[in-house]
Amino acid sequence: AQSVTQLGSHVSVSEGALVLLRCNYSSSVPPYLFWYVQYPNQGLQLLLKYTTGATLVKGINGFEAEFKKSETSFHLTKPSAHMSDAAEYFCAVSKAGNTPLVFGKGTRLSVIA
Amino acid sequence: GAGVSQSPRYKVAKRGQDVALRCDPISGHVSLFWYQQALGQGPEFLTYFQNEAQLDKSGLPSDRFFAERPEGSVSTLKIQRTQQEDSAVYLCASSLDRGSPDTQYFGPGTRLTVL
């Protein structure tokens, strides 16, 4: 079975500060890993995904994540937070193929001016 | 182009009523997924289709939940005899199935409130 743990249900950072959202996964097979962002009253939007190859993945809006197999982690980072980054962020894992995603509980990011 | 659309966006039902939630996937997308998102939680898988075939319905919480995609395009999630615990946002996603894994594109969701 697969599972995702997101440490910290709420993270608050100052505008311009580093954003770090933590995600650890459990998977019995090589995982595919995703980060989605959800703005209020909107659907989820893909930020980035790891499938195979390079373990540092760059996504939209300046976000990136690094797959660390030894740590079973896929933390999301952004060097400098912007007010528009305030949203809910979800880490997800899936198995090979177009199979359902297993999501973490989410981390709400607040950006303080 | 048009994304995934869902209707209605909001639904209020009295306990015991039946409801039907519609999902229009992106044109040409082969796979369609339904997820349930309770307040303050991440989405949880309900069921998914590849074209008209329902490949996995292991996430449906009870036999009151039923989903169909008869022509391999639009899908309907039906909940019979709604209960308060069914209150949640129901998300639909579709993917093209070009590769492994392909990106799932999500609709805005239907917020169901059962009184």
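Nothing in this text is a laboratory measurement; each read-out follows from the coordinates by a stated rule. This structure is a prediction, so every number in the text was calculated from the model and none was measured. Cβ placement follows ideal geometry from the backbone for every residue including glycine, while neighbour counts extend to all protein chains displayed.
What to note about this one:
- Screening region A:64-113 for strands (runs of 3 or more DSSP E) wholly inside it with 3 or more residues that are touching a Lys or Arg at 6+ places or on another chain (Cβ under 9 Å) and either closer than 28 Å to B:Cys92 by Cβ or within 10 Å of chain B (Cβ to nearest Cβ) (or both) returns the ranges A:87-94.
- Residue list for region A:40-58, filter: closer than 28 Å to B:Gln36 by Cα and of a type in the set (Lys, Arg): A:Lys49
- Criterion violated by B:Asp63 - all others in (1) part of a strand (DSSP E or B); (2) free of Cβ contacts under 8 Å to residues at least 12 places away in the same chain; (3) more than 12 Å from chain A (Cβ to nearest Cβ); (4) not aromatic (Phe, Trp, Tyr) satisfied: (1)
- Counted as qualifying within region B:1-48 are the strands (runs of 3 or more DSSP E) with 3 or more residues that are not aliphatic (A, V, I, L, M), namely B:5-7, B:19-24, B:31-37.
- One residue from B:Lys57, B:Lys78 being of a type outside the set (A, V, I, L, M, F, W, C), farther than 17 Å from B:Thr110 by Cβ and in contact with a strand residue (DSSP E or B) (Cβ under 7 Å, 6 or more places away or on another chain): B:Lys57
- Entirely in region A:1-57, the strands (runs of 3 or more DSSP E) that have 3 or more residues that are in contact (Cβ under 8 Å) with a residue 60 or more places away in the chain: A:3-7, A:10-14, A:19-26, A:32-38
- Tally of residues being of a type in the set (Gly, Ala, Ser) and either crowded, with 18+ Cβ neighbours inside 10 Å or closer than 12 Å to A:Thr5 by Cβ (or both) across region A:88-103: 2
- Residue-level check: of (1) assigned to a loop (DSSP other than H, G, I, E, B); (2) surrounded by 14 or more Cβ atoms within 10 Å (Cβ to Cβ); (3) within 12 Å of chain A (Cβ to nearest Cβ), B:Tyr90 misses just (1).
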